[in-house]
Amino acid sequence: MKKGIAVAGNMIVDMLYPTNGLPRPGELVTITGDVSRSTGGCLCNDIIDLAALDPALPLVALGRVGDDEAGDFVLDKLRARLNIDLSQVKRGGTTSFTLVMADEISKQRSFYQCRGANADFCEGDIDWDALNAELLHIGYILLLDALDAPDEVYGTKMARLLHSAKQRGIRTSIDVVSEAGERFQRIVVPALKYTDYCVINELEAQATTGVQLVDASGALLRKNLPEALKRMKALGVSTWAVIHSPEGGFGLDEGDSYVEIEGLKLPRGYIKGSVGAGDAFCSGVLYAAWRGMGLAQAIELGTAAAACSLSQPGATEGMRTYEEAMALYRQLIQN
């Protein structure tokens with residue numbers, strides 16, 4: 001059987017609160033509708049999206065959930081996809097959860113995160129000998145406490161894990177959480193040395209590389225994107241360095257050729273939620289890499305996958321098969 005993709009890292013329950021704004025300190029906003037619950041985090045979002053893109057793709061989950069009802073909820077959601085192997089998921093403690101405040105006006109979100117069982121996920125949880133995968137995707141760096149910890153040889157435990165994967169002939173991919181703070185240089189950079197595919201957004205790329213990509217008004221500084229991508233490669237990314245934003249997808253391929261794919265102009269009212277769009281984009285790129293496509297095709301598929309995600313409020317409910325996603329992309333690009 002052809003080896004598939006292993007997805008490792010955060011397994012989270014997202015509690016989604018629709019609001020009529022995002023408050024500044026001391027302000028009050030109104031929760032405007034029903035609170036909904038869904039799976040979230042890098043592992044759950046990416047592996048469900050990949051399973052939807054290709055129901056025959058072999059997938060392995062590597063992570064931790066609590067020994068509680070929320071953990072049952074996460075695993076039940078993943079079991080609904082028959083091509084996801086859950087045999088290496090560990091249980092114990094409390095399942096991680098995130099309170100997601102989703103502004104229905106601006107479509108922006110704020111997050112309040114409880115680490116829970118995710119904090120203990122480490123390389124020792126992985127049975128390398130039993131892992132049937134040719135590509136390992138892991139995230140989110142900065143949200144996995146045990147793996148974000150220092151390592152005297154590799155810089156971080158995450159970097160050590162990625163090195164272990166590459167020593168076994170497994171290609172590696174990482175994702176990063178968007179957070180406020182100064183930890184990127186210390187925690188993200190060591191992992192890049194052992195990364196084949198890095199797919200992150202413009203804010204994460206700016207914090208990682210030190211190259212300014214967003215101005216004071218929040219506008220994307222397109223002219224600086226090639227420099228940021230070159231910096232990602234210089235820090236160690238071996239194959240594809242990719243930055244995604246609402247304006248488009250941008251990358252350097254294995255030969256350092258620059259690729260730029262414009263974002264889609266979506267019809268008014270199309271966007272129902274953006275909570276999983278970044279993970280959807282990443283899943284599209286990963287699937288293209290697994291299939292041996294070029295970077296331009298990968299970014300097109302990532303853009304298509306993100307558009308699918310944006311069509312529904314939850315993180316993964318909008319995902320479609322590869323063929324359906326690309327049909328949607330062709331339809332939207334003609335608008």
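The values are calculated or read from the model by the stated rules, or taken from the named source; none is laboratory data. Fair warning: this is a prediction, and the values are worked out from it, not measured in the lab. Every residue, glycine as well, gets a Cβ built from its backbone with ideal geometry; the counts of neighbours run over all protein chains shown.
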Those residues of the stretch 233-277 which are aliphatic (A, V, I, L, M) and within 25 Å of Leu50 (Cα to Cα) amount to Val237, Ala241, Val242, Ile243, Leu252, Val259, Ile261, Leu264, Leu266, Ile271, Val275, Ala277
Positions within the stretch 251-285 being touching a residue at least 60 places away in the same chain (Cβ under 8 Å) and in contact with a Pro (Cβ under 7 Å, 6 or more places away or on another chain), in sequence order | Gly273
For the stretch 14-54, name all the residues that are β-branched (Val, Ile, Thr), farther than 30 Å from Glu134 by Cβ and not in a loop (DSSP other than H, G, I, E, B).
-> Thr19, Ile31
Just give me the residues in the stretch 196-221 being in a loop (DSSP other than H, G, I, E, B), out of contact with any helix residue (DSSP H, G or I) (no Cβ under 6 Å at 6 or more places or on another chain) and crowded, with 21+ Cβ neighbours inside 10 Å, in sequence order.
-> Asp196
Which condition number does Leu53 fail, the rest of (1) surrounded by 14 or more Cβ atoms within 10 Å (Cβ to Cβ); (2) in contact with a strand residue (DSSP E or B) (Cβ under 9 Å, 6 or more places away or on another chain) being met?
-> (2)
Please specify each residue of the stretch 136-162 satisfying the condition of being of a type outside the set (A, V, I, L, M), in contact (Cβ under 8 Å) with a residue 40 or more places away in the chain and in a loop (DSSP other than H, G, I, E, B).
-> Tyr154
Quick one: in the stretch 62-77, of everything that is crowded, with 23+ Cβ neighbours inside 10 Å and of a type in the set (A, V, I, L, M), which residue is farthest from Ala119 (Cα to Cα)?
-> Val74
In the stretch 302-335, how many are without any contact (Cβ under 8 Å) to a residue 24 or more places away in the chain and closer than 13 Å to Ser274 by Cβ?
-> 0
Which one of the conditions (1) among the aliphatic types (A, V, I, L, M); (2) in contact (Cβ under 8 Å) with a residue 60 or more places away in the chain; (3) in contact with a helix residue (DSSP H, G or I) (Cβ under 6 Å, 6 or more places away or on another chain); (4) under 18 Å from Asn132 (Cα atoms) does Ile84 fail to meet, given that it meets all the rest?
-> (2)
Output the residues belonging to the stretch 86-103 that are hydrophobic (A, V, I, L, M, F, W, C) and buried (at least 16 other Cβ atoms within 10 Å of the Cβ).
-> Leu86, Val89, Phe97, Val100, Met101, Ala102
Failed condition for Asp148, given (1) under 20 Å from Val285 (Cα atoms); (2) buried (at least 19 other Cβ atoms within 10 Å of the Cβ); (3) modelled with pLDDT of 95 or more, with all others met?
-> (1)
Give the stretch 104-114 a look and list any residue that's over 17 Å from the mean Cα position of the chain (by Cα) and surrounded by 18 or more Cβ atoms within 10 Å (Cβ to Cβ), or say none.
-> none
Of (1) buried (at least 24 other Cβ atoms within 10 Å of the Cβ); (2) modelled with pLDDT of 95 or more, Gly40 satisfies all except one. Which?
-> (2)
Which condition number in (1) without any contact (Cβ under 8 Å) to a residue 60 or more places away in the chain; (2) closer than 14 Å to Leu16 by Cβ is the one that Asp72 fails?
-> (2)
